[in-house]
Amino acid sequence: MSYAKKDEDAEPSGFKLDRTIVFQDARLFNSSPISPRRCRALLTKIAMLLFNGEKFPTNEATTLFFSISKLFQNKDPSLRQMMYLILKELSNSAEDIIMSTSIIMKDMTVGSEVVYKANSVRALCRIIDGTTVQSIERMIKTAIVDKSPSVSSAALVSSYHLLPIARDVVRRWQSETQEAAASSKSGGGFLGFSTSSSHSLAASTNYMNQYHAIGLLYQMRSHDRMALVKMVQQYGAAGAVKSPAGVMMLVRLAARLAEEDPSLRKPMMQMLDSWLRHKSEMVNFEAAKAIIDMRDVTDGEAAQVVHVLQLFLTSPRAVTKFAAIRLLHQLASFKPNAVNPANQDIEALIGNANRSIATFAITTLLKTGNEASVDRLMKQISSFMSEITDEFKITIVEAIRTLCLKFPSKQAGMLTFLSGILRDEGGYEFKRAVVESMFDLIKFVPGSKEETLSHLCEFIEDCEFTKLAVRILHLIGVEGPKTPNPTKYIRYIYNRVVLENALVRAAAVTALAKFGVGQKDPEVKKSVTVLLTRCLDDTDDEVRDRAALNLRLMKEEDEVAERFIKNDSMFSLSTFEHKLVMYVTSDDKSVFSTAFDIASVPVVSHEQALAEERTKKLTTATPTLKAPSTGPEKPKMNGAAERESNATNAAQKYTDIFANIPELKAYGPVLKSSAPVELTESETEYVVSAVKHVFKDNIVLQYDIKNTLDATVLENVLVVAQPQDEEGELEDDFVIPSPALKTNEPGVVYVAFKKTGGDDSFPILSFANALKFTSKEIDPTTGEAEDSGYDDEYEIEPLELSGADYVVPAFAGNFDHIWEGTGANGEEASETLALSNMKNLTDATEQLASTLSLQPLDGTDVVLSNATHTLKLYGKSIKGGRVAGLVKMALAKSGLTVKITIRAEEPGLAQAVISSVA
């Protein structure tokens with residue numbers, strides 16, 4: 001008996017493999033007779049090397065591949081399985097592997113063992129290339145409809161891998177794939193192989209080949225929406241598919257079809273509703289999730305989901321309860337009233353031993369409960385906060401943040417709770433969530449400002465996270481001077497100058513300066529000056545420089561100092577960078593004769609600049625392949641910042657593109673480019689979208705066209721755009737056609753107009769559009785287009801040119817000042833409208849700001865009331881004139897009533913912008 005101590009933290013004991021030695025040992029594969037046991041051991045070593053990331057050079061991989069191929073002479077099942085495993089891995093780096101095709105194909109014949117057949121299908125589809133797929137087409141078809149589910153699944157999954165290299169060939173296997181999807185064969189034993197006489201006891205009823213078949217059918221028909229609808233209806237019938245995973249795939253497809261085509265919403269929602277009562281729990285949850293993620297889900301649809309999920313809350317299985325309460329928590333975020341009927345069952349889960357379930361139960365009740373239940377829930381939360389992880393603590397904090405905004409009268413108790421957990425142990429993300437919630441209290445609940453600032457001041461005394469300390473110091477510098485007694489915060493700020501690292505000290509100096517600028521009390525200003533003077537002796541040059549700058553600014557006039565110290569705006573960094581790069585890399589050396597024009601860079605708020613940077617990172621991330629989603633993609637940034645960023649970047653992008661087109665380059669820079677407007681359905685034979693470009697004296701319509709017809713080429717493609725212009729404000733200038741459009745090949749047509757009224761006019765009109773072209777068939781043998789074709793015309797939707805096309809969203813610090821100034825120097829237009837198609841104030845706020853092409857200011861893009869809201873908007877015309885908008889909204893049972901008032905400095909623009917909504 002060994003008494004040696006076992007060190008569980010040490011590296012696992014084992015043998016280390018050397019690639020060179022293993023390669024030399026591979027001579028064993030050439031020996032005769034073949035030893036299955038020794039060969040399996042050597043193949044295991046190769047598998048371990050490959051698994052650990054070791055790469056065999058091409059020559060070694062090729063030698064190994066063909067040496068292993070010699071082992072096909074032996075019929076040992078275990079050896080054969082290891083061979084196929086290694087051959088698949090080596091196929092990526094070895095050469096001339098297609099020579100082994102005939103050897104592997106022997107195991108795909110009808111009389112071969114089932115265990116050989118499935119593995120051979122997988123290996124062969126890795127070895128074959130696109131030019132020789134047709135040679136194994138018959139074998140793959142046979143394998144797809146094989147009576148063994150494992151072989152069928154292997155063939156179906158291998159077909160997925162063949163799609164990118166031989167899509168047209170794989171599409172011919174639809175009838176066999178449909179047969180596999182409709183089959184009722186189930187696997188038995190391990191991977192569907194019966195290994196004992198007690199087959200009935202070991203039988204598995206996963207029907208996994210049905211899942212693979214439905215997924216492959218989706219890939220085959222993804223270009224044909226009606227075929228997808230037919231597939232969902234065919235296999236969605238009761239009992240048609242026995243695989244729960246296969247039904248889940250149908251649920252996702254049904255949800256996607258309902259989102260993409262409003263005409264399919266009703267039949268697809270009926271199917272989703274029927275799947276809520278499926279015998280499989282996983283299907284029930286997937287259907288519920290799909291309905292919750294659906295855009296504009298109705299109260300009736302939500303009630304069905306709540307009823308089904310409520311039944312799962314009493315399940316004895318913890319995972320079932322967790323899935324149900326998590327979905328209810330998600331639904332409660334935007335339809336709290338729909339979840340109210342389940343509150344009694346949710347309350348029973350608060351004391352659940354599984355703290356994950358209890359956390360979701362609490363946060364769901366926080367979203368659905370009334371004002372009277374807040375105090376009781378807060379006491380229950382405090383009892384187990386120390387027992388859950390940071391991830392669930394963040395979930396609770398987010399729920400409390402929503403509750404603070406919903407019930408402002410309860411903010412005192414919730415603020416006490418937030419300040420209490422801020423002192424508890426926790427990581428950065430948890431502390432950041434608490435601090436962000438307190439920031440929102442200051443912003444949206446004015447009565448809590450002083451108390452919240454006091455709690456934050458106490459927190460930074462012991463804050464271990466530099467990022468949080470910097471953010472809090474910035475907030476104190478912005479909000480502290482506005483309080484009745486600002487001097488009490490100066491001590492906390494100066495403590496940071498004395499005790500913290502250089503980053504925090506620099507932030508503290510800037511915050512301290514904001515208490516001195518514009519200060520009417522000379523004693524306070526003198527104290528701030530003394531403290532900043534002490535900072536001139538700091539060891540860090542950044543701190544010294546900030547102190548010196550702020551001391552110099554405090555000696556200037558208050559208006560000048562506030563421009564530097566209290567300014568909440570900055571340049572759009574992405575646009576700034578782009579313009580600088582274009583300036584220094586220009587081929588035209590005469591550009592350097594004039595200085596860089598900083599005025600051409602748009603000014604945005606700090607918040608929007610950060611959102612713009614986040615969007616840039618998201619859009620440049622490496623794309624990944626995803627399964628069909630169940631709903632619309634969630635926005636990654638607020639719509640306000642996105643609109644301003646997109647408007648600026650789009651105009652700059654198209655200006656760079658048009659610089660290479662002589663006809664359009666003569667027009668000068670693009671002043672405004674619209675978002676793409678779809679003029680046809682996405683399934684039509686010709687898909688057309690349009691972008692409106694506004695120049696100083698011209699309007700250019702860009703038509704992006706794609707030909708989806710197979711074996712057809714369109715030549716001399718142009719668009720006839722007829723302006724419905726009674727006053728003759730536009731006249732035709734020129735058309736740039738697209739010479740040829742092959743199948744699924746995009747093309748661009750430009751139609752240019754000249755403004756007869758000059759740059760002071762804002763034409764508001766509609767264009768009737770028709771697509772004209774010469775259609776020619778492509779000879780399938782030669783791949784060339786026939787000499788003769790026929791002229792054709794295709795009607796597309798009209799295109800509207802509205803007042804919003806002459807306005808660009810812009811940021812400003814003080815809306816009231818702009819509103820008064822614009823009214824004094826310009827004209828005003830007002831109109832009251834009834835918008836029955838908007839269901840709530842949040843959607844109305846987002847859509848109106850987007851439609852009017854204006855920027856929400858003063859935080860009015862956030863809706864705090866369910867009945868009324870006032871939206872403050874600002875932008876600039878393409879000529880630089882100010883445009884301000886005030887939208888008052890009231891929601892009633894009959895719909896949404898809005899009163900829109902627009903003020904603009906240019907004549908005629910205010911009414912034109914309002915007409916964008918009307």
Neighbours by Cβ (under 7 Å, 6+ apart or cross-chain): first from the stretch 524-535, more than 16 Å from Asn485 (Cβ to Cβ); second of a type in the set (Phe, Trp, Tyr): Leu531/Tyr494
Would a scan of the stretch 350-359 turn up a residue that is modelled with pLDDT under 90 and either touching a Ser or Thr at 6+ places or on another chain (Cβ under 7 Å) or within 29 Å of Glu683 (Cβ to Cβ) (or both)? yes
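Looking only at the stretch 598-619, decide whether some residue is over 30 Å from Ser333 (Cα atoms), touching a His at 6+ places or on another chain (Cβ under 9 Å), surrounded by 12 or more Cβ atoms within 10 Å (Cβ to Cβ) and modelled with pLDDT under 75. Steps first, answer last, please.
Step one: of the stretch 598-619, the residues over 30 Å from Ser333 (Cα atoms) are 598-604.
Right, trim to touching a His at 6+ places or on another chain (Cβ under 9 Å) and you get none.
There is no residue in the stretch 598-619 that is over 30 Å from Ser333 (Cα atoms), touching a His at 6+ places or on another chain (Cβ under 9 Å), surrounded by 12 or more Cβ atoms within 10 Å (Cβ to Cβ) and modelled with pLDDT under 75.
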Of (1) under 30 Å from Glu260 (Cα atoms); (2) of a type in the set (A, V, I, L, M, F, W, C); (3) at pLDDT below 90, Val691 fails just (3)
Among residues of the stretch 34-56, those that are over 10 Å from Leu90 (Cα atoms), touching a Lys or Arg at 6+ places or on another chain (Cβ under 9 Å) and exposed (fewer than 14 other Cβ atoms within 10 Å of the Cβ), counted: 1
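For the stretch 881-904, which positions are within 19 Å of Pro763 (Cβ to Cβ) and part of a loop (DSSP other than H, G, I, E, B)?
First, pick out the residues of the stretch 881-904 that are within 19 Å of Pro763 (Cβ to Cβ): 881, 883, 902, 904.
Gly881, the sole residue that qualifies.
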Can you give me the ranges of the helices (runs of 4 or more DSSP H) entirely in the stretch 269-372 with at least 2 residues that are over 21 Å from Met249 (Cα atoms)? 299-312, 318-332, 336-339, 343-347, 355-368
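How many residues does the stretch 821-857 hold that are outside any strand (DSSP E or B), surrounded by 13 or more Cβ atoms within 10 Å (Cβ to Cβ) and touching a residue at least 12 places away in the same chain (Cβ under 8 Å)?
Step one: of the stretch 821-857, the residues outside any strand (DSSP E or B) are 821-826, 836-854, 857.
Restricting the remaining residues to those that are surrounded by 13 or more Cβ atoms within 10 Å (Cβ to Cβ) gives 821-823, 826, 838-854, 857.
Next cut, touching a residue at least 12 places away in the same chain (Cβ under 8 Å) only: 821-823, 826, 838-842, 844-846, 848-854, 857.
Total meeting the criteria: 20.
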Among the residues of the stretch 259-287, write down those that are of a type outside the set (D, E, K, R) and under 19 Å from Leu327 (Cα atoms). Met269, Leu272, Ser274, Trp275, Leu276, His278, Ser280, Met282, Val283, Asn284, Phe285, Ala287
Of the numbered conditions (1) under 16 Å from Tyr686 (Cβ atoms); (2) modelled with pLDDT of 90 or more, Ala752 satisfies every one except a single condition; which is it? (1)
Looking at (1) modelled with pLDDT under 85; (2) under 14 Å from Val694 (Cα atoms); (3) touching a Ser or Thr at 6+ places or on another chain (Cβ under 9 Å), which one does Gly758 not meet, given that it meets all the others? (3)
Counting just the residues of the stretch 651-702 that are among the β-branched types (Val, Ile, Thr) and not in a strand (DSSP E or B), which one comes out farthest from the chain's Cα centre (by Cα)? Ile661
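Is it true that Phe439 is touching a Lys or Arg at 6+ places or on another chain (Cβ under 6 Å) and either aromatic (Phe, Trp, Tyr) or buried (at least 21 other Cβ atoms within 10 Å of the Cβ) (or both)?
It is false that Phe439 is touching a Lys or Arg at 6+ places or on another chain (Cβ under 6 Å) and either aromatic (Phe, Trp, Tyr) or buried (at least 21 other Cβ atoms within 10 Å of the Cβ) (or both).
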Matching option when the condition is among the β-branched types (Val, Ile, Thr), farther than 19 Å from Val601 by Cβ and either out of contact with any helix residue (DSSP H, G or I) (no Cβ under 9 Å at 6 or more places or on another chain) or at pLDDT 50 or above (or both), among Val670, Val677: Val677
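Looking only at the stretch 723-769, count how many residues are outside any strand (DSSP E or B) and either in contact with a Lys or Arg (Cβ under 6 Å, 6 or more places away or on another chain) or aliphatic (A, V, I, L, M) (or both).
First, pick out the residues of the stretch 723-769 that are outside any strand (DSSP E or B): 724-729, 737, 742, 744-745, 756-764.
If we keep only those that are either in contact with a Lys or Arg (Cβ under 6 Å, 6 or more places away or on another chain) or aliphatic (A, V, I, L, M) (or both) too, we end up with 759, 761, 764.
The qualifying residues number 3.
Quickly run through the stretch 492-516 and pick out the residues that are without any contact (Cβ under 8 Å) to a residue 12 or more places away in the chain and under 40 Å from the mean Cα position of the chain (by Cα). Show your work before the answer.
Going residue by residue through the stretch 492-516, those that are without any contact (Cβ under 8 Å) to a residue 12 or more places away in the chain are 498-499.
Within the stretch 492-516, no residue meets the criteria.
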Would you confirm whether any residue within the stretch 862-875 is touching a strand residue (DSSP E or B) at 6+ places or on another chain (Cβ under 6 Å), buried (at least 20 other Cβ atoms within 10 Å of the Cβ), touching a residue at least 60 places away in the same chain (Cβ under 8 Å) and in a strand (DSSP E or B)? yes
Can you tell me how many residues in the stretch 871-913 are at positive phi and among the hydrophobic types (A, V, I, L, M, F, W, C)? 0
Answer yes or no: is there a residue in the stretch 105-118 that is buried (at least 17 other Cβ atoms within 10 Å of the Cβ), within 23 Å of Leu163 (Cβ to Cβ), at pLDDT below 85 and of a type in the set (D, E, K, R). yes
Quick one: in the stretch 381-425, of everything that is of a type in the set (Asp, Glu) and not in a loop (DSSP other than H, G, I, E, B), which residue is surrounded by the most Cβ atoms within 10 Å (Cβ to Cβ)? Glu398
Any pair with Cβ under 7 angstrom, 6 or more apart, that starts in the stretch 436-457 at a residue that is more than 14 Å from Tyr492 (Cα to Cα) and ends at one that is modelled with pLDDT under 85 and among the aromatic types (Phe, Trp, Tyr): none
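Taking Val374, is it in contact (Cβ under 8 Å) with a residue 12 or more places away in the chain, over 25 Å from the mean Cα position of the chain (by Cα), closer than 24 Å to Phe444 by Cβ and surrounded by 14 or more Cβ atoms within 10 Å (Cβ to Cβ)? Reasoning before the result, please.
Values: in contact (Cβ under 8 Å) with a residue 12 or more places away in the chain: yes; over 25 Å from the mean Cα position of the chain (by Cα): yes; closer than 24 Å to Phe444 by Cβ: yes; surrounded by 14 or more Cβ atoms within 10 Å (Cβ to Cβ): yes.
Judged against the criteria, Val374 is a match.
The values are calculated or read from the model by the stated rules, or taken from the named source; none is laboratory data. What you are looking at is a predicted structure, and each value in this text was computed from that prediction instead of being measured. Please note: Cβ atoms are built from the backbone with ideal geometry, for glycine as well, and neighbour counts cover all protein chains shown.
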